1. From zero up to wherever the largest Cα-Cα distance of region A:10-73 sits, split into 10 Å bins and tell me the percent of pairs in each.
2. Go through region A:136-150 residue by residue and turn each phi into a ³J(HN,Hα) via Karplus (6.51, -1.76, 1.60, θ = phi - 60°); whole Hz please, and just put x for glycine and proline.
3. Order B:151-161, A:210-220, A:34-44 from most to least packed using the mean count of other Cβ atoms within 10 Å.
4. Within the set B:Lys132/B:Lys225; B:Lys24/B:Lys152; A:Lys19/B:Lys225, which residue pairs have Cα atoms separated by over 25 Å?
5. Any idea what the B:Glu193 label distances to the other copies are, label 7 Å down the Cα→Cβ vector, nm, shortest first?
6. At a Förster distance of 30 Å, what's the computed FRET efficiency of A:Asp120 paired with A:Glu192, Cβ-Cβ distance as r, to 0.05?
7. Can you work out ³J(HN,Hα) from phi for every residue in region B:106-116, in order, using Karplus 6.51 cos²θ - 1.76 cosθ + 1.60 and θ = phi - 60°, giving whole Hz and x for Gly and Pro?
8. Between A:Ile16 and A:Gln67, how high is the FRET efficiency from 1/(1 + (r/R0)^6) when r is the Cβ-Cβ distance and R₀ = 35 Å? Nearest 0.05.
There are 2 protein chains.
Amino acid sequence: MFRPIKNTKVYEQVIIQIKNMISKGILKKGDKLPSERELVDKLGISRTSIREALRALEIIGLVESRQGEGNFIRDNFENSLFEPLSVMFMLQKSSTLEIHQVRVMIETETASLAAKNITDKDIEVLQEYIDKLENSNDEVDRSIADKNFHYKIAECSGNFLINNILRSVSSLMDAFIVNARMVIVNEAEQREELVIQHRNILQALVNRDSEAAVTAMREHLECIKRHLILMDNIYS
Amino acid sequence: MFRPIKNTKVYEQVIIQIKNMISKGILKKGDKLPSERELVDKLGISRTSIREALRALEIIGLVESRQGEGNFIRDNFENSLFEPLSVMFMLQKSSTLEIHQVRVMIETETASLAAKNITDKDIEVLQEYIDKLENSNDEVDRSIADKNFHYKIAECSGNFLINNILRSVSSLMDAFIVNARMVIVNEAEQREELVIQHRNILQALVNRDSEAAVTAMREHLECIKRHLILMDNIYS
């Protein structure tokens with residue numbers, strides 16, 4: 001299972017071994033890791049290096065440290081503190097257009113998959129978001145309803161990986177898109193168009209029509225893109 | 001810039017502050033971070049907590065520690081030790097089909113974007129990979145040529161984010177797909193079909209025809225999907 005380590009960057013080796021055990025299925029979600037003392041014995045390295053590695057895995061959101069109980073592979077990865085992809089993308093200074101392209105890539109696929117997997121209960125939830133988008137008097141509420149609508153579709157895709165890729169870039173999306181969303185969602189003349197676009201997406205999902213869902217999502221995102229370009233021109 | 005920290009999980013706060021400074025553009029790629037001593041003074045927390053945070057960021061691949069020089073925001077994020085998404089996805093025990101859907105999502109988009117951005121030099125490189133796929137007598141060489149062909153197209157997309165998402169799930173893809181690739185690429189009767197599919201993709205890119213590139217990529221991935229399903233049935 002664990003092998004003694006001979007290397008200079010020892011904490012890296014701890015992580016590589018844990019990663020390998022995960023990829024081989026030896027370590028699974030919720031599993032308890034050996035105690036720090038056991039790891040010291042098994043790997044033949046200092047307690048400091050073990051702690052560094054465990055702390056890093058905790059920060060990434062892979063390992064959970066429970067007071068008095070020990071270290072565990074986390075059961076769920078939602079709301080992890082750190083989204084490495086988002087931060088790296090922020091450093092990259094990507095253009096609004098590039099970020100928008102990522103959104104198109106992910107959300108046309110979630111729409112396509114959701115059309116195959118959506119339940120009547122999901123449809124009710126999506127309908128409620130559209131109602132809020134149409135009728136709420138609070139602009140923040142409307143923006144949140146819009147956002148929830150899109151995340152719900154990703155959830156309905158039934159693909160954990162794709163849903164997670166969307167979430168792992170969501171703080172990036174939010175940072176760039178939230179302003180655009182506020183502007184577009186709340187311009188009176190745009191609101192009706194937006195509600196219609198969301199209804200079209202929902203109707204395609206109700207019909208379990210993947211192709212129509214992709215088309216409706218693409219049209220909606222094309223409309224947003226036109227606004228982003230407009231805003232970019234204004235603000236740059 | 002930095003603010004003193006009042007919290008129990010202090011290392012988390014260090015990371016949140018660094019993340020915020022990145023998102024605001026105060027910290028940029030290649031920038032030197034304040035020294036450990038300065039961070040201790042500015043944040044009012046222990047050197048141990050500072051080190052834990054920095055070490056975690058180093059492990060994630062965001063910070064680079066240079067002997068005798070200090071800590072820097074990394075200049076490039078390729079070949080980072082740790083791919084959090086891949087590891088989390090491995091833990092999720094995703095199905096082959098789910099992973100294949102991620103691949104379809106990413107690679108139809110990279111094909112579409114590459115058609116708009118590809119240069120004549122890129123086309124030459126892609127042609128060389130196809131020649132190797134067709135003519136090499138070594139099955140490992142052929143598999144590598146196949147893989148390189150797909151990564152090169154992602155690079156040609158001109159979208160750093162999408163290229164990076166593909167790379168951040170690549171060890172997951174490789175773990176699941178490498179066997180399939182070996183089987184498909186090296187079955188004599190399949191090889192010719194595969195070469196034709198790759199030629200079709202390249203031809204669409206040469207014509208700068210996004211729609212045709214998406215169609216050709218989709219046909220190629222559909223063919224791979226049929227083999228994956230076949231293999232799944234055999235091995236499960």
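1. Calculated P(r), rounded to whole percents: 22, 62, 16.
2. 5, 8, 9, 5, 5, 4, 5, 5, 5, 4, 4, 4, 4, 4, 5
3. On the way: B:151-161: 20.9, A:210-220: 18.6, A:34-44: 15.1.
Highest mean packing first, the order is B:151-161, A:210-220, A:34-44.
4. Working: B:Lys132/B:Lys225 23 Å; B:Lys24/B:Lys152 32 Å; A:Lys19/B:Lys225 27 Å.
Going by Cα-Cα distance, B:Lys24/B:Lys152; A:Lys19/B:Lys225 fall outside the 25 Å limit.
5. 4.6
6. Values: r = 27 Å, r/R0 = 0.90.
Efficiency, from the Cβ-Cβ distance: 0.65.
7. So the J values, rounded to whole Hz, are 6, 7, 5, 6, 5, 5, 4, 6, 4, 4, 8.
8. Details: r = 28 Å, r/R0 = 0.79.
Once the sixth-power term is evaluated, E becomes 0.80.
None of the figures in this text is laboratory data; all of them are computed from the coordinates on show. Worth saying up front: this structure is predicted, and the values here are computed from it rather than measured. Neighbour counts are summed over all protein chains in view; Cβ atoms, including those assigned to glycine, are modelled from backbone coordinates with ideal geometry.
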